[in-house]
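K.L.:
One structure coming up, written as structure tokens, with questions to follow.
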Amino acid sequence: MLGRRGHTVTVFEQDGREAGEDLDRDFLDWNRPRVPQANQPHSFLAPVRTVLRTETPDVYADLLARGAREYHDFDWFGEHPPHRAGDDDLVTLRTRRIVLEAALSAAVRREPTVDVRRGHRVRALAFGKGRPVRVTGVRVGTDTHRADLVVDASGRRSPVPGLLTAAGCRPPVVESHRAGIAYLCRWYRLRADGPRDPGRVKTGSAAPFALAGVFPSDNDTFAISMVLSTADPTRGALRDPAVFEAVARCFPATAAWLDLAPAPQTAVLAMAGLDNRWTSLADADGPVVTGLVNAGDSLVHTNPTLGHGVALGLRAAQHLAAHADQVAADPTGYHTWTARALRPWFDAQVTADRGNEQRLAEGSPSSDRRAAALAACAFDDPVVMRARAQVRHLLKPADDAYGTDEVDRAVTAWLDARPDFSPTHDGPTRDQWDALVPG
Ligand SMILES: Cc1cc2nc3c(=O)[nH]c(=O)nc-3n(C[C@H](O)[C@H](O)[C@H](O)COP(=O)(O)OP(=O)(O)OC[C@H]3O[C@@H](n4cnc5c(N)ncnc54)[C@H](O)[C@@H]3O)c2cc1C
């Protein structure tokens, strides 16, 4: 995006390898300790599609050509309800993350003003004089590379806060909350000669202590994922594929896909140590440095259950590209924009996680009948599904989307038709689970 606006860009990437044309090899046989999430399942929310189609339509077309699939939230109903402004945006991109990387890498190769230096790790920053201190470039090996603006896009394990502090700058303001949940997933591929359609089944199921989900992806691949408390004593046993599949068969969403007799592609892949973290390079006195800003996971990363990461990253990238000259001169406006445009989603995730974590750890069902009805009703009523999709895709805050008279009427009518409704789960009970998982 910067290159296409005429800027000269140098990208330093510590990994010497590049996502290429062999998606499966890149996905399965690439050890990426600095990008530990690369082979976890992803689905990409509306802003990913919107930003790519606006800024780089060729990348978007390439993504689809490489196998990414569009899913509209109204596809659940078969026939879409009468169209309203904004409905066209409610689309999820279903694909492995490597497909997005491959499409972006190919596009960057075509940019004459963008130079990608692979195998070059940034180990330090270069500083000028003044107050606040100005970052004037990066140090790679014995070389210093000067720049008008340095963008830290080095992910969730960014070294930049440490580098700033070590250099004596005012420290970045980091807000970090440990999400006490673990992710386990296994990848499969539908067999060319086997059944391909699981029928009309939701992609998620829940037990009081675990969530199970399906991520339909590119080129006939899909992942089954399991999310549970890091304190769950059975967590380790789920690394055994037989145990993993046995429990996955107890959730309707994942059972339906396993019934298609897919071919396993991987072991059970686990990831924990997840945080919600906001790293602000400004404090109460303003920017801690000039000449440097952060974007992507190095600015904000959230517990991935809601899949916000790449959407927030691309929104920041788009804003930065459009305002690069101003940001280089003074980053204050960028910090103000991130606080206004991105921070509310971080705060909402932190609030939601507090409740979810406790529920998963205690294994207790939600007691909020109306909230449970709202969630269930979306799959029967397009008005509620639209509101759910607007929140899910980061287009409207929950209070705005759900707080309308028409949503209220829809939920009330849905509950009136189901006087016996009480919050429930479609997954296994704890006893059923424990019977399948060796203690
Ligand atoms: C389990 C899990 C599931 C997720 N699911 C979703 C999802 O469904 N949808 C979604 O949108 N997001 C999801 N995310 C989040 C998403 O993966 C991230 O938001 C996204 O990958 C961040 O991209 P990034 O470019 O900021 O960082 P990264 O992709 O981590 O890239 C950082 C790059 O910087 C390089 N680097 C690091 N340090 C240096 C250095 N010193 N010098 C040079 N290079 C360096 C690394 O090698 C890496 O290539 C998920 C995350 C997890 C953990």
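The values are calculated or read from the model by the stated rules, or taken from the named source; none is laboratory data. On a predicted model such as this, the values are computed, not experimentally measured, just so you know. Cβ coordinates were reconstructed from backbone atoms using ideal geometry, including for glycine residues, and neighbour counts include every protein chain displayed.
K.L.:
Suppose we filter region 214-254 for residues that are small (Gly, Ala, Ser), more than 18 Å from the chain's Cα centre (by Cα) and surrounded by 20 or more Cβ atoms within 10 Å (Cβ to Cβ); how many remain? Steps first, answer last, please.
P.N.:
Residues of region 214-254 small (Gly, Ala, Ser): 217, 223, 225, 229, 231, 236-237, 242, 246, 248, 253.
Next, from what is left, pick out any that are more than 18 Å from the chain's Cα centre (by Cα): 229, 231, 236-237, 242, 246, 248, 253.
Now narrow it down to the ones that are surrounded by 20 or more Cβ atoms within 10 Å (Cβ to Cβ): 229, 248, 253.
Total meeting the criteria: 3.
Let's see how each residue does on (1) exposed (fewer than 14 other Cβ atoms within 10 Å of the Cβ); (2) among the hydroxyl-bearing types (Ser, Thr, Tyr); (3) at pLDDT 95 or above:
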position	(1), (2), (3)
333	yes, no, yes
338	no, yes, yes
341	no, no, yes
357	no, no, no
364	yes, yes, no
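K.L.:
Return the total of residues in region 26-84 being among the β-branched types (Val, Ile, Thr) and modelled with pLDDT under 95. Full working, then the answer.
P.N.:
Keep residues of region 26-84 that are among the β-branched types (Val, Ile, Thr), which gives 35, 48, 50-51, 54, 56, 59.
Then keep just the ones that are modelled with pLDDT under 95; that gives 35.
Of the residues in that region, 1 qualify.
K.L.:
Kindly indicate which of 231, 282, 261, 256 is modelled with pLDDT under 95, out of contact with any Phe, Trp or Tyr (no Cβ under 8 Å at 6 or more places or on another chain) and more than 20 Å from residue 40 (Cα to Cα).
P.N.:
Values: 282 fails: modelled with pLDDT under 95; 261 fails: modelled with pLDDT under 95; 256 fails: modelled with pLDDT under 95.
Residue meeting the stated conditions: 231.
K.L.:
Identify, please: which residue in region 31-54 is polar (S, T, N, Q) and out of contact with any strand residue (DSSP E or B) (no Cβ under 8 Å at 6 or more places or on another chain) and is, among those, nearest to the ligand (Cβ to nearest atom)?
P.N.:
Just the residues of region 31-54 that are polar (S, T, N, Q), to begin with: 31, 37, 39-40, 43, 50, 54.
In the following step, the residues that additionally are out of contact with any strand residue (DSSP E or B) (no Cβ under 8 Å at 6 or more places or on another chain) were identified as 31, 50, 54.
Working: 31: 12, 50: 13, 54: 17 Å.
Selected residue: 31.
K.L.:
Run residue 185 past the list (1) within 13 Å of the ligand (Cβ to nearest atom); (2) at pLDDT 95 or above; (3) surrounded by fewer than 19 Cβ atoms within 10 Å (Cβ to Cβ) and report the number of the one that doesn't hold.
P.N.:
(3)
K.L.:
Looking at the structure I just gave you, is residue 208 surrounded by 15 or more Cβ atoms within 10 Å (Cβ to Cβ) and either among the aromatic types (Phe, Trp, Tyr) or in contact with a helix residue (DSSP H, G or I) (Cβ under 6 Å, 6 or more places away or on another chain) (or both)?
P.N.:
Values: surrounded by 15 or more Cβ atoms within 10 Å (Cβ to Cβ): yes; either among the aromatic types (Phe, Trp, Tyr) or in contact with a helix residue (DSSP H, G or I) (Cβ under 6 Å, 6 or more places away or on another chain) (or both): no.
When the stated conditions are applied, residue 208 does not pass them.
K.L.:
Right, another one. Which pairs turn up if I take residues in region 98-118 that are over 23 Å from residue 147 (Cα atoms) and look for partners that are away from the ligand (no atom under 13 Å from the Cβ) and of a type in the set (D, E, K, R) with beta carbon separation below 8 Å, at least 6 apart in sequence or on another chain?
P.N.:
If the second residue must be away from the ligand (no atom under 13 Å from the Cβ) and of a type in the set (D, E, K, R), the pairs left are 99/66; 99/218; 102/21; 102/66; 103/62; 103/66; 106/62.
K.L.:
For the structure I just gave you, tell me whether residue 214 is in contact with a helix residue (DSSP H, G or I) (Cβ under 6 Å, 6 or more places away or on another chain) and in a strand (DSSP E or B). Step through it out loud before you land on a result.
P.N.:
Numbers: in contact with a helix residue (DSSP H, G or I) (Cβ under 6 Å, 6 or more places away or on another chain): yes; in a strand (DSSP E or B): yes.
So residue 214 passes the test.
K.L.:
I need a count of the residues in region 292-322 that are touching a helix residue (DSSP H, G or I) at 6+ places or on another chain (Cβ under 7 Å) and either farther than 24 Å from residue 163 by Cα or part of a helix (DSSP H, G or I) (or both).
P.N.:
Applying the first criterion (touching a helix residue (DSSP H, G or I) at 6+ places or on another chain (Cβ under 7 Å)) to region 292-322 yields 293-303, 306, 308-316, 318-321.
With either farther than 24 Å from residue 163 by Cα or part of a helix (DSSP H, G or I) (or both) added as a condition, the list becomes 296-298, 303, 306, 308-316, 318-321.
Of the residues in region 292-322, 18 are touching a helix residue (DSSP H, G or I) at 6+ places or on another chain (Cβ under 7 Å) and either farther than 24 Å from residue 163 by Cα or part of a helix (DSSP H, G or I) (or both).
K.L.:
Could you tell me which of the residues 291, 286, 307 is in contact (Cβ under 8 Å) with a residue 60 or more places away in the chain, touching a Gly at 6+ places or on another chain (Cβ under 9 Å) and at positive phi? Lay out the reasoning, then the answer.
P.N.:
Details: 286 fails: touching a Gly at 6+ places or on another chain (Cβ under 9 Å); 307 fails: touching a Gly at 6+ places or on another chain (Cβ under 9 Å).
Being in contact (Cβ under 8 Å) with a residue 60 or more places away in the chain, touching a Gly at 6+ places or on another chain (Cβ under 9 Å) and at positive phi holds for just one of 291, 286, 307, which is 291.
K.L.:
While we're here: Kindly establish whether residue 9 is buried (at least 16 other Cβ atoms within 10 Å of the Cβ) and out of contact with any Ser or Thr (no Cβ under 8 Å at 6 or more places or on another chain). Write out each step before concluding.
P.N.:
On the way: buried (at least 16 other Cβ atoms within 10 Å of the Cβ): yes; out of contact with any Ser or Thr (no Cβ under 8 Å at 6 or more places or on another chain): no.
No; evaluated as a whole, the condition is false for this residue.
K.L.:
Within region 232-246, does at least one residue satisfy the condition of being within 30 Å of residue 341 (Cβ to Cβ), part of a loop (DSSP other than H, G, I, E, B), more than 14 Å from the ligand (Cβ to nearest atom) and not hydrophobic (A, V, I, L, M, F, W, C)?
P.N.:
Applying the first criterion (within 30 Å of residue 341 (Cβ to Cβ)) to region 232-246 yields none.
Taking every residue of region 232-246 in turn, none turns out to be within 30 Å of residue 341 (Cβ to Cβ), part of a loop (DSSP other than H, G, I, E, B), more than 14 Å from the ligand (Cβ to nearest atom) and not hydrophobic (A, V, I, L, M, F, W, C).
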